[in-house]
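The values are calculated or read from the model by the stated rules, or taken from the named source; none is laboratory data. Predicted model, so just to flag it, every value in this text is computed and none were measured. So basically every Cβ, Gly included, is an ideal-geometry build from the backbone, and we count neighbours across all protein chains shown. These accessible areas exclude ligands, DNA and RNA; they are computed on the full protein's heavy atoms, side chains included. Shrake-Rupley method; radii C 1.70, N 1.55, O 1.52, S 1.80 Å.
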Amino acid sequence: MKNLIICILALMPISLLAGDYVDDINVSTVARPSGHKVIYEMNVGSFTQAGTFTAAQEQLDELKTLGIDIVWLMPIYPRGTSSSPYAATNFQQTNPKYGSIDDLKAFVSRAHELSMEVWLDWVPNHTATNADWVTSHPEYYAKNGGQMIHPNNYGDVWQLDYNNAGLVNAMNDCLKFWIDQCDIDGYRCDYVSSSWIPVSYWQTTIPLIKQYKPGKNITFLGEADIAQDVARLKTAGFDYDYAWQFQGSLANYGSAGNASARLKAFANTLLEASKSVNFERMLYLTNHDQNFNDGGRTLTKMYGDNRYPLTVLAYTLYGMPMIYNGQETGGNQILDYFADKKIDWNSKDAKMYNTIRTLTALKHAAAALDDATPVEWVTVTNNSSVLAYTKKSGDSQVLVILNMATASGNATLTGLDAGEWSLWLNSETISQGASRQQQTFGGTQPFTLEAKGYRVYVKGNFSEEEPPVPEAYTPILENSDEISIFFETPVSSSYSAWVWGTLGGGEAYCTHASWPGDAMTFMGQTATGANIYKYTITKVSEVPQYLIISKDNGNTKIYDGVDFVNHGYYVEGNGTPTQVITATNGIEKTILESRPADDRIFTICGQLLNSEPSLCPGIYIRNGRKYIIK
């Protein structure tokens, strides 16, 4: 039993066992004050394999560990014929694939237990063409020559008419409905820039809903860059808008940008525009539009390796940071939310995950990172690729340094507050986990940063923590019949393998029939911290002949059409395998008989692994360590 408990604990999600200072901050159930919150955009259908409220509820603890304060649920209503979640058939029902209203209520209740808010995605401009109101209340719809109107030529929706008092009352009743039924905390309002929705509607409805239940705070986020694009909505009453232009500027900076002056100019434009508004702003690198609607763009496709320092910029510069579902894995999937494509939680980018969870801890713990705290630019000499700034609030001060260059470099910062500083986020060690290190700065301080490197310091004295030391993974075969390859790389990313041969006229030996093939599985790290990935061939009627290893969803080919070597160990930068792996573990999986005690063990394992209980016995790899449950 002792060994069993050890095995079960070892199989728990890493974030539940880490116990570092970042976890201690993020898991606190003390509600964060305004200005220190992080929001997470979740598509319920994509978030788990089951795609239900109940399954998502079981993962709320993981989001809490990540540091999430607000869960924004993409539309949860029944969908029309196009399967778009933004084409609803009834605003007072749930998508039956997701579960019932009671299931949503239970989700919200659990979120509240964790001091997390839940906001619904509200679609005020239109309904599906086969919505219930089309037949029951045709007067609710705008018409031209007696015919209902497709807004923006969207053929799957009809335009609602806000000149109709009945429609206005009905929409307001729907907003109240979800507060009554599920105790939701806010609304992200879609397409508020629509010319069909008068500003007067929001000026009346937002106060009405905010005052609906005394003591209940309801927040409204408008999907528009109100500060810079839609000036007429500045008086509408929204609590947050989108910093849309800033995200567009960062996307334009993309993967090739390396000049700090451009980023500083983008940031100053954002900061200047934000001075004249009386609402807060949401910053982000990606969301469902950028990821899927705009031709399908992963974080890597939009930003390349800039995605890491730009994440730090977006989460520390100004406003409330937003994480799109799956972004914490590296954001290298295109998620078709019409089809509720599932997030691949097995494809993990430890650097991105640990960077995000550390940034959320900083957002929670540092008073200087309040949404609206002014930015003070730090003078950087002898390096045009390094951007640095501080944020100060009372005794709290944070220093952010970003190196956008493609090579490591030195930079000297002047005008710093001399004294003790604590390094909370270090790009060179963050892949291993959170750490904290004390340093003493002078007013002028030299720094050396790696390519695309970043540092975030907090002024003062804090306890020190060393980054976890990875236990070196030894490449090994599960059995002698296995056909596989191993790949070593210094860069943690999402890698894919495409292998093929002459079987069936050049048939690929991959589960996925389309490029770039199958995701490689992260196995662990070498003693020097390099990452090792593995791919096992699924078709074994003959050994394939050729191999391609790629990253960035196939955009970058590391090995292209090289001869396939069974059990080959490939190292990035070498054109051929450096060795062939022959060692096997020699341990066979034990199948348990069905006994009551085993059933209990199965249940525990199934919950921890998010798998069917019958799949639990066997051999599992976590952080390069092998665990066996028999």
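Numbers at a glance
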item	result
Residues of segment 134-148 that turn out to be touching a residue at least 24 places away in the same chain (Cβ under 8 Å) and in a helix (DSSP H, G or I), as a count	3
Qualifying residues in segment 335-372 (those that are outside any loop (DSSP other than H, G, I, E, B), small (G, A, S) and open to solvent by 10 Å² or more (accessible area, probe 1.4 Å)) - the one modelled with the lowest pLDDT	A350
Segment 373-387, subset over 19 Å from R307 (Cα atoms) and of a type in the set (A, V, I, L, M, F, W, C), residue surrounded by the fewest Cβ atoms within 10 Å (Cβ to Cβ)	W377
Qualifying positions in segment 522-555 - modelled with pLDDT of 85 or more and open to solvent by 50 Å² or more (accessible area, probe 1.4 Å)	T536, Q545, Y546
Within segment 469-496, considering residues that are part of a loop (DSSP other than H, G, I, E, B) and without any contact (Cβ under 8 Å) to a residue 60 or more places away in the chain, the one nearest to E572 (Cα to Cα)	V469
In segment 430-484, the residues that are closer than 28 Å to F522 by Cβ, surrounded by 17 or more Cβ atoms within 10 Å (Cβ to Cβ) and touching an Asp or Glu at 6+ places or on another chain (Cβ under 7 Å)	G433, A434, S435, R436, K452, G453
Filter pass, A106 being within 30 Å of N26 (Cα to Cα) and at pLDDT 95 or above	yes
Residue list for segment 388-401, filter: within 18 Å of A314 (Cβ to Cβ) and either open to solvent by 10 Å² or more (accessible area, probe 1.4 Å) or among the β-branched types (V, I, T) (or both)	T390, V398, V400, I401
Residue check, T65 of a type in the set (S, T, N, Q), farther than 25 Å from D371 by Cβ, modelled with pLDDT of 95 or more and in a helix (DSSP H, G or I)	no
Residue match in segment 149-168 (condition: more than 20 Å from L221 (Cα to Cα), of a type in the set (D, E, K, R), open to solvent by 30 Å² or more (accessible area, probe 1.4 Å) and part of a helix (DSSP H, G or I))	no
Long-range neighbours under 6 Å by Cβ, at least six apart or interchain, first residue farther than 17 Å from T316 by Cβ and part of a loop (DSSP other than H, G, I, E, B) within segment 424-437, second at pLDDT below 95 and among the hydroxyl-bearing types (S, T, Y)	S431/S492; S435/T429
Which listed residue, of N293, N268, is at pLDDT below 95 and open to solvent by 10 Å² or more (accessible area, probe 1.4 Å)	N293
Residues of segment 28-53 that turn out to be buried (at least 18 other Cβ atoms within 10 Å of the Cβ) and at pLDDT 95 or above, as a count	16
